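A.B. asks: Quick one: the structure is below, questions incoming.
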Amino acid sequence: MNFDEILDLRGTQASRWSLMEKVHHVPQATGIPMGIADMDFRPPECATRAVQGMIDRGDFGYYGDDTAYQEAIQWWMATRHGWAIERDWILTNHGVVNGVAIGVNAFSAVGDGVILFTPVYDSFAAAISGAGRVVVECPLVNNAGRYEFDFAAYDAMMTGRERVVVLCSPHNPGGRVWTQQELRDVAAFCQRHDLILISDEIHQDLVYPDAQHTVMAKAVPEIQDRLIVVNGTSKTFNVAAIRTGNAIIPDPVIRARFAASRAGMYIQPNAFGKTIPTAVYTPEGAAWLDALIVYLDANRRLFDTAINTIPGVSSMTLDGTYLAWVNFGGSGMAQEELVRRVKDVAHIAANSGTNYGKGGESFMRFNFATPRARVIEAVARLQAAFSDLQ
Ligand SMILES: Cc1ncc(COP(=O)(O)O)c(C=O)c1O
């Protein structure tokens, strides 16, 4: 594994590069993509070998027996997260957000409220509104550069029309790995208001050494009768092309209702989406991940140290994820101006904080899962683009 290797995906359909001009208006020739959340690294060799095996065998047919796939997930969740799951708890969908969307559809009706702790990953709101449900934004509190919940405020906001909570754990953006106490507080909130809890744990493996992610089902076993955990391999191993993720649902009643909602959509994930996870949820995949975390951790420190030298600008300290969340609030600059400088002056494609709901104003999100040389170049460009700040 060589995370310093520069992969040249310019001119391909890769989203990071092909949408740079179209969406961010940053030229591909000079731009640095720090937007969409996948990485500029080759996936582990075990993933490549598995796909190569399909190619060598000429095996492009329907995927059959799920046993090895599900056993690989069981192994991963037990060895990396200490959670013993049954094979039949796993329902495999077309990606993690697809699992969230199925859960929202199964447990709410058109017009019902679905709660998000904002700012938060923007596709949740898209899926909720797309299904005719109402996004209820419960704002996180930015306490000295660290997001926290405020359940007293959220309790006061409830109308009785809310049905579901979508929790992002670890949180994107802001990178919080919630403590066990915070997870217990989320669970208690769901119990108080009779809400189904969808815990999106796609970033479960991208956690830095000073934090410890706990699967919601483990942190609060009593919440399992209203819990759907969604996760997958796409972020961890940089294989988002598989468009496959899992809903893991311990409770048979919740599972049956989720499955019934899903049955009407005829969801059958593709063979690549089963083959790659089976190959990476292994000791070889685990060793690659451990090396990745060391590399990302150094990128995180480099990025934060350089950004924090710009007066009025600060990068939140991440417990997990490779998505730096940078607060330009102290610069006194309007959102449009800082977006303009990042894009037109620094030639960096990053995400405006306003995409993520309330509380995202004055922020931008930068993906630093890229070779170190690019991080160094990016921070130099950002320092130059904001060099007039005193
Ligand atoms: C919290 C979270 N959930 C889900 C996804 C995407 O999952 P998928 O592509 O499997 O739908 C992302 C991607 O950035 C994410 O950050």
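A.B. asks: Based on Cα positions only, what radius of gyration and what Dmax would you give for segment 249-390, in angstroms?
C.D. replies: For segment 249-390, the Cα-based Rg and Dmax read 20.2, 59 Å.
A.B. asks: In addition: Mind putting together the pair-distance distribution for the chain? All Cα pairs, 10 Å bins, whole percent per bin, short to long.
C.D. replies: All Cα pairs considered, the percentages come to 5, 23, 33, 26, 12, 1, 0.
A.B. asks: Would you calculate the separation in nanometres between label points at Ala131 and Phe60, each defined as 7 Å from the Cα along the Cα-to-beta-carbon direction?
C.D. replies: About 3.4 nm separates the two model spin labels.
A.B. asks: Could you work out which residue, out of Arg301, Arg192, Arg163, moves most in a Gaussian network model of the chain, that is, has the largest mean-square fluctuation with Cα springs under 10 Å?
C.D. replies: The residue that fluctuates most here is Arg192.
A.B. asks: Whole-Hz ³J(HN,Hα) for each residue in segment 97-102, computed from phi via Karplus 6.51 cos²θ - 1.76 cosθ + 1.60 with θ = phi - 60°, x for glycine and proline: what do you get?
C.D. replies: 5, 4, x, 4, 4, 5
A.B. asks: Moving to a separate point now. Which whole-angstrom value gives the distance between the alpha carbon centres of segment 345-360 and segment 173-208?
C.D. replies: Value for the Cα centre distance between the two parts: 24 Å.
A.B. asks: So which residue, out of Ser169, Ser108, Ser15, gets the largest mean-square fluctuation from a GNM of the chain using Cα contacts under 10 Å as springs?
C.D. replies: Ser15
A.B. asks: Could you pull out the chymotrypsin sites (Phe, Trp or Tyr not before Pro) across segment 1-107 that fall in loop regions by DSSP (anything but H, G, I, E, B) with no more than 12 other Cβ atoms inside 10 Å?
C.D. replies: Filter output for segment 1-107: Phe60, Tyr62.
A.B. asks: Mind checking which of Val97, Val215, Val110 has the largest fluctuation in a GNM of the chain, springs on alpha carbons under 10 Å?
C.D. replies: Val110
A.B. asks: Additional query: What base-10 log of the normalised intensity I(q)/I(0) is obtained for segment 58-163 from the Debye formula, alpha carbons as equal point scatterers, at q = 0.14, 0.19 Å⁻¹?
C.D. replies: -0.80, -1.04
A.B. asks: Further question on the same structure: Using Cα pairs under 8 angstrom and six or more residues apart, how large is the relative contact order of the chain, in percent?
C.D. replies: With pairs under 8 Å counted, the relative contact order is 24 percent.
A.B. asks: Within segment 14-91, list the GluC sites (Glu not before Pro) lying in a DSSP loop whose Cβ has at most 16 other Cβ atoms in a 10 Å radius.
C.D. replies: For GluC sites (Glu not before Pro) across segment 14-91 that sit outside H, G, I, E and B with at most 16 neighbouring Cβ atoms in 10 Å, the list reads Glu86.
A.B. asks: Which whole number of Å³ per residue matches the convex hull of the alpha-carbon atoms in segment 61-281?
C.D. replies: Here the figure is 118 Å³ per residue.
Quick note: the coordinates plus some simple rules give every number you see, no bench work behind them. Everything quoted here is computed from the prediction, not taken from an experiment. Cβ sites come from the backbone with ideal geometry, for glycine too, and all protein chains shown count toward neighbours.
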